[in-house]
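Derivation of every value follows stated rules applied to the coordinates shown; laboratory data play no part. Not measured: the values here are computed from a predicted model. Heads up, the Cβs are rebuilt from the backbone with ideal geometry, glycines too, and the neighbour counts pull from every protein chain shown.
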Number of protein chains: 4
Amino acid sequence: MCTGLSYTTKNHYFGRNLDLEFSYNEKVTITPRNFPFEFRRVPPLPTHHAIIGMATTADGFPLYYDGTNEKGLSMAGLNFPDNADYKPEAADKTNIAPFEFIPWVLAQFDTVTQVETALTKVNLVDIPFNDDFPQSPLHWIISDSDRSLAVESVRSGLRVYDNPYGVLTNNPTFDIQSFNLNNYMHLSTNPPENNFSDQLRFDTYSRGMGAIGLPGDLSSASRFAKAVFTKMNSISGTSESESLSQFFQILGSVAQQRGCVRVGGEDSYEITIYSSCCNTDTGVYYYTTYENSQITGVDMHKVDLDSEELVDYPLTKGQQIAMHN
Amino acid sequence: MCTGLSYTTKNHYFGRNLDLEFSYNEKVTITPRNFPFEFRRVPPLPTHHAIIGMATTADGFPLYYDGTNEKGLSMAGLNFPDNADYKPEAADKTNIAPFEFIPWVLAQFDTVTQVETALTKVNLVDIPFNDDFPQSPLHWIISDSDRSLAVESVRSGLRVYDNPYGVLTNNPTFDIQSFNLNNYMHLSTNPPENNFSDQLRFDTYSRGMGAIGLPGDLSSASRFAKAVFTKMNSISGTSESESLSQFFQILGSVAQQRGCVRVGGEDSYEITIYSSCCNTDTGVYYYTTYENSQITGVDMHKVDLDSEELVDYPLTKGQQIAMHN
Amino acid sequence: MCTGLSYTTKNHYFGRNLDLEFSYNEKVTITPRNFPFEFRRVPPLPTHHAIIGMATTADGFPLYYDGTNEKGLSMAGLNFPDNADYKPEAADKTNIAPFEFIPWVLAQFDTVTQVETALTKVNLVDIPFNDDFPQSPLHWIISDSDRSLAVESVRSGLRVYDNPYGVLTNNPTFDIQSFNLNNYMHLSTNPPENNFSDQLRFDTYSRGMGAIGLPGDLSSASRFAKAVFTKMNSISGTSESESLSQFFQILGSVAQQRGCVRVGGEDSYEITIYSSCCNTDTGVYYYTTYENSQITGVDMHKVDLDSEELVDYPLTKGQQIAMHN
Amino acid sequence: MCTGLSYTTKNHYFGRNLDLEFSYNEKVTITPRNFPFEFRRVPPLPTHHAIIGMATTADGFPLYYDGTNEKGLSMAGLNFPDNADYKPEAADKTNIAPFEFIPWVLAQFDTVTQVETALTKVNLVDIPFNDDFPQSPLHWIISDSDRSLAVESVRSGLRVYDNPYGVLTNNPTFDIQSFNLNNYMHLSTNPPENNFSDQLRFDTYSRGMGAIGLPGDLSSASRFAKAVFTKMNSISGTSESESLSQFFQILGSVAQQRGCVRVGGEDSYEITIYSSCCNTDTGVYYYTTYENSQITGVDMHKVDLDSEELVDYPLTKGQQIAMHN
């Protein structure tokens, strides 16, 4: 389904895999500071932080899948079927529609800790964007260079979790995902040691055996374990090239290959439609797509961030091959 | 360690991940038809098929890691520590040194079936390239568009296996790798069905749960299972862009991220140094590297294949980023 | 740690494994109807249902580990470390100390549904038995021939779960234990089918391969999955001998062997101290111990159930071997 | 299918689970020294070591499933379908029919090392007992108090393996079973340590988590891993009662419960028909059955071992319950 990731080398990077069986014509979209943000139940924000990220724009509104603002705060929405439970409007709450949640957060906050405080009053209210866009069941990862949150609106209310992994996938709820990691605590990047019996001899027949037990299927709980293990043990140089490489390698470890996850009918398969990585310090948003492994970038600071108009960039389609001869 | 792959859409593609903690300055290397191939124990081949692939050239000899000839026959050598057992020279055999094996095969044969016949007389003889290059313990995958072999020189002799998967990783021996797949036969790209108890209800809480049980660590046996599952279930369009995308996605499913496999000392980690994919019908050899996800290509037919001189192309280093703005 | 089990053939059977590294001199203990039950915060029950089960008697009070009353209602307490959270006394609640919980339930209720109703008012209050018996962190399985509950007093309050498995082990909380079973829904008592690829052939090299993926370690989550699978798929004749055999075989599937689970110091190991099985229809309580595999029984109806005095039977120690010659 | 076990405390114990869906009326059978052993292709043994074990007697010949001789040498045959390959008669070999193999070994050898020497000349010849008993595909565990062997007649010939585990189950071949144990070398009887990341905290929520990854299904490869782990880590006192208890507990860890392994038709299930344990120092053969958990014993030295007549004891059927009241 999806995997969100926060990773820091010298700079902080934030991005995600979008895993779906279809595409909504999403584009890299910059919302400048004076784009008039209107919300369904809370006051509009005529001026606000600039945002860059991946969005489908509908009726002039940028429906962000993931984004980063000019302060380096980032947020992504990931599929959370059956668990996401949006609420009726509550008089004493800040009522935010799910599709407004990313813009509302990124438009005004600078840090995760500020968001955390604001969330104590937030009610994710069950208002769909319009009749053509059914409500998406989502949960969110919100990150800055210091820390990450997981935010889930479930039957019992809005749950805000500290997310020390900087990783989010999909079901189950974040508390169960975290609990399940206990079953992997013995996994190691080092070769395994013989704890089985000192009367027997074993053969470390391959490198990498210290992580035997790490799951490799593409279900959301398995991707969570795999992505957390890969991210927490990642080693990278600090240059932009090295950092981007490592970031996309981590996302690649949980990418979905066409054919491996059949959905619904005979010929429908979930794939990693795009992988993104925003350098939240420089405001450059990078992406690859299933069929274009070259990294493509958009620099938010190359556009007029004081404008009122959305700027978007259609995704490059097809492999961009560099021929040596 | 490594993963070799043969995959067919409209064309046939062959390639591999090279997973190591260091690099030998390998380059994309074309051996034209009149390059004088000399061998240690068998007659030289002054003229032969042209070959393209990844090689380190030493003392004028192309030490191929993997390659494809102009007939579409392909071959790659993969690490096979402790199991590889090279033999003394045998008077009644065709004595080939391990480092000669890829050139010797690709220089003269057109199909896997031809190779299979020739292998009945082959003895992989324990002659190192020179004192600076210790003998590499290897086994090989040999593929054409119809079929693949796994070839292993072990204590009991030269074993040649039909390889219906078109996948090779490393240890254990191919017969055990194949046997172990029986333990995964229930894995599915479809959602799991309840076989547990008709008195209980279960929740398919994520897509992809049909493959729960597929391993995700980077040991060679786990990569074999994961790569075979991904390859056998792969779905791809037939265009070059789609085919390459799918091929590199399959290799990506078993790529090694820096930090996940520690070797020897504190700061040494195995990574996927390069991933290659040769269109064996067109003779174009593509590759990506750990730090350059853009596909780079070399077309063997753009050079003079009747020459006597090796032609090589150093690998492009660092991310080649396409900026939209 | 422990496994509780409810199982029905013609009669209903209830019992458990007690897994610990030491024993508290527990005995099969019958509480007759006129034994004066006094409680810390609720009124005494001078007359009540008779109870049979395993208990340590201290200060004249039967501290039941598990028991069954003359109406066929059964209950067992199982270790629930870190999760069990007992509460301060609550004025509007029925305040029951954890050590009183089994007697209080079995003394007065006939069915699980009656208990379920009563539990809506129960507060498990943090009163230890005395200074010598520290509070045990427990949760409970309550069963009759129709259904079972899991009852857990956790931070968020008293949680009462319908338990369609009739199985309880230990951590994590019952909702997570249930959720985790989704990952095993594909397991089958039938041979596995090839879902992997219709282009490959696999070998069902052993019977029992349909359940590959079922865990076999002795942690509480693994024992839960194994015991539920074994119980839900159990087949038994209806005679007392067949029913008891199957019941103890199910418990045996998750028994703990000395040496496999080291606790604390060098020489301390958790083992299955006893396994019990009460025919809740006849009131005969059977048990085996780690070192006596013969089934020993006590019939509650062979004692004067109108008495005021506890009757107990020390456990038979050591293997009782029947020699043929 | 089956599990064989050799275990030593103060005395040496040898036995097995017989897992099948039916029974051949097997009995504890003593072959005294002067019972005339006749063989199909090798000379008869009119006088020999006395043997005790489980056998079906047909046409006056004891078809042993497992047995121990008066010297303490033991041997059991276990199912080995598809892999067992019996040979044509060979002129220069000691031609033993599979059904003669246990009697032939136990009749004349004192130690495993003697057997090992004799096996260099043995050819297991494809002669069935008679038309009513089809050839059973078997392999064997042979043990004394010092060591064990695994013996397999496969396509490539008779393979004799040192068996440091003292455990045998069924398929695959012993070399692959041994190899697969490498994947479990990290399993521990101690609580798991955090190797995953020193930046994260994990919760050892249950005892026994150090062995997470140990399989619990009843296939032969999974039973092998589970039985070896349990046996190699077993702790036992040295008394007969403690030793027997531990031995049957180890066998119990891989016992098969009715309903968990369906074979063929709708109502056929493999179960652990009997479990045996012979004290090879005293010659007392103990057993339990699926439906009688009490240990029953037969002492070979209580019969006239110089007789010519087989002595057998039908198995006790049904639970032998000791009532306290």
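Okay, here's what the table says:
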{"read-out": "Cα gyration tensor, segment D:279-319 - rounded (a/c under 1.5), prolate or oblate", "value": "oblate"}
{"read-out": "Among A:Glu21, A:Glu89, A:Glu193: highest mean-square fluctuation, GNM of chain A, C-alpha pairs under 10 Å", "value": "A:Glu193"}
{"read-out": "Karplus-derived 3J(HN,Hα), 6.51/-1.76/1.60, for each residue of segment A:205-216, Hz, glycine and proline x", "value": "7, 8, 5, x, 5, x, 9, 4, x, 6, x, x"}
{"read-out": "Axis-nearest residue of C (beta carbon) for the C-onto-A rotation, whole Å", "value": "C:Ile176, 3"}
{"read-out": "Within chain C, percent of DSSP bridges classed antiparallel, to nearest 5", "value": "95"}
{"read-out": "Low-density loop positions, GluC sites (Glu not before Pro), segment A:245-325 - DSSP coil, at most 14 other Cβ in 10 Å", "value": "A:Glu266, A:Glu308, A:Glu309"}
{"read-out": "Net dipole in debye of segment C:195-325 [+1 Lys, Arg Cβ; -1 Asp, Glu Cβ; about Cα centre; nearest 20]", "value": "780"}
{"read-out": "Fluctuation leader among C:Val261, C:Val112, C:Val303 - chain C, Gaussian network, Cα springs under 10 angstrom", "value": "C:Val303"}
{"read-out": "Over chain C: helical MRE at 222 nm, DSSP H runs n ≥ 4 each giving -39500 (n - 2.57), nearest 500", "value": "-4500 deg cm²/dmol"}
{"read-out": "Expected-Rg normalisation [2.2 N^0.38 Å, Cα atoms] applied to the protein assembly as shown", "value": "1.02"}
{"read-out": "Computed over segment A:237-307, Cα set: Rg, Dmax in Å", "value": "15.4, 48"}
{"read-out": "Placed amide H near D:Phe37: partners under 5 Å, 5+ positions off or other chain", "value": "D:Leu45"}
{"read-out": "Rg/Rg_globular for chain B, with Rg_globular taken as 2.2 N^0.38 Å and Rg from C-alpha atoms", "value": "1.03"}
{"read-out": "Inter-chain shielding of B:284-293 (mean C-beta neighbours from other protein chains, 10 Å cut-off)", "value": "4"}
{"read-out": "Inter-copy spacing of B:Thr47 label points, which lie 7 Å from Cα along Cα→Cβ, given in nm from shortest upward", "value": "8.0, 8.5, 11.5"}
{"read-out": "C-alpha center-to-center spacing [segment C:76-90, segment C:308-322] in angstrom", "value": "30"}
{"read-out": "Signed unit charges on C-beta, dipole axis of segment D:1-84, positive-most listed residue D:Pro44, D:Leu20, D:Leu78", "value": "D:Pro44"}
{"read-out": "Centre separation in Å (Cα based) which lies between segment B:11-75 and segment D:2-29", "value": "58"}
{"read-out": "Per-selection Kirkwood Rh - segment A:64-161 (Cα, Å, 1 d.p.)", "value": "13.5"}
{"read-out": "Cα centroid separation - segment B:156-215 against segment C:128-185, whole Å", "value": "34"}
{"read-out": "Among A:Val122, A:Val151, A:Val28, residue whose mean-square fluctuation peaks in a GNM of chain A (springs only between Cα atoms under 10 Å)", "value": "A:Val122"}
{"read-out": "Which of A:Leu181, A:Ala221, A:Val151, positive extreme of dipole for chain A (C-beta unit charges)", "value": "A:Leu181"}
{"read-out": "The protein assembly as shown: antiparallel DSSP beta bridges as a percent of all, rounded to 5", "value": "90"}
{"read-out": "Dipole magnitude (debye, nearest 20) for chain B, charges at Cβ of Lys, Arg, Asp, Glu", "value": "660"}
{"read-out": "Value of Rg to Rh for segment C:135-225 (Rh from inverse mean 1/r over Cα pairs, i.e. Kirkwood)", "value": "1.12"}
{"read-out": "Relative contact order %, segment B:20-75, counting alpha carbon pairs below 8 Å whose residues are six or more apart", "value": "29"}
{"read-out": "Flagged links, alpha-carbon separation over 26 Å, of B:Lys93/D:Lys121; B:Lys231/D:Lys226; B:Lys121/D:Lys121; D:Lys71/D:Lys121; D:Lys121/D:Lys226", "value": "B:Lys93/D:Lys121; B:Lys231/D:Lys226; B:Lys121/D:Lys121; D:Lys121/D:Lys226"}
{"read-out": "Whether segment D:5-148 is rounded, prolate or oblate, judged on the alpha carbon gyration tensor where a/c under 1.5 counts as rounded", "value": "rounded"}
{"read-out": "Candidate lysines - alpha carbon under 18 Å from D:Lys317, same-chain residues fewer than 8 apart omitted", "value": "D:Lys27"}
{"read-out": "Within 10 Å of each Cβ in B:155-166, the average number of Cβ atoms from other chains", "value": "1"}
{"read-out": "Fraction of beta bridges assigned by DSSP in segment A:33-129 that are antiparallel (%, nearest 5)", "value": "75"}
{"read-out": "Lys, Arg +1 and Asp, Glu -1 on Cβ, resulting dipole of the protein assembly as shown about Cα centre, debye, nearest 20", "value": "0"}
{"read-out": "Computed over segment D:107-181, the ratio Rg/Rh where both radii use C-alpha atoms and Rh is Kirkwood", "value": "0.98"}
{"read-out": "Relative contact order of chain A, defined on C-alpha pairs under 8 angstrom at six or more residues apart (%)", "value": "24"}
{"read-out": "Loop-resident sites, segment A:16-123, for trypsin sites (Lys or Arg not before Pro), counting at most 15 other Cβ within 10 Å (DSSP)", "value": "A:Arg40, A:Arg41, A:Lys121"}
{"read-out": "Cα gyration tensor shape for segment D:174-282, rounded if a/c is under 1.5, else prolate or oblate", "value": "oblate"}
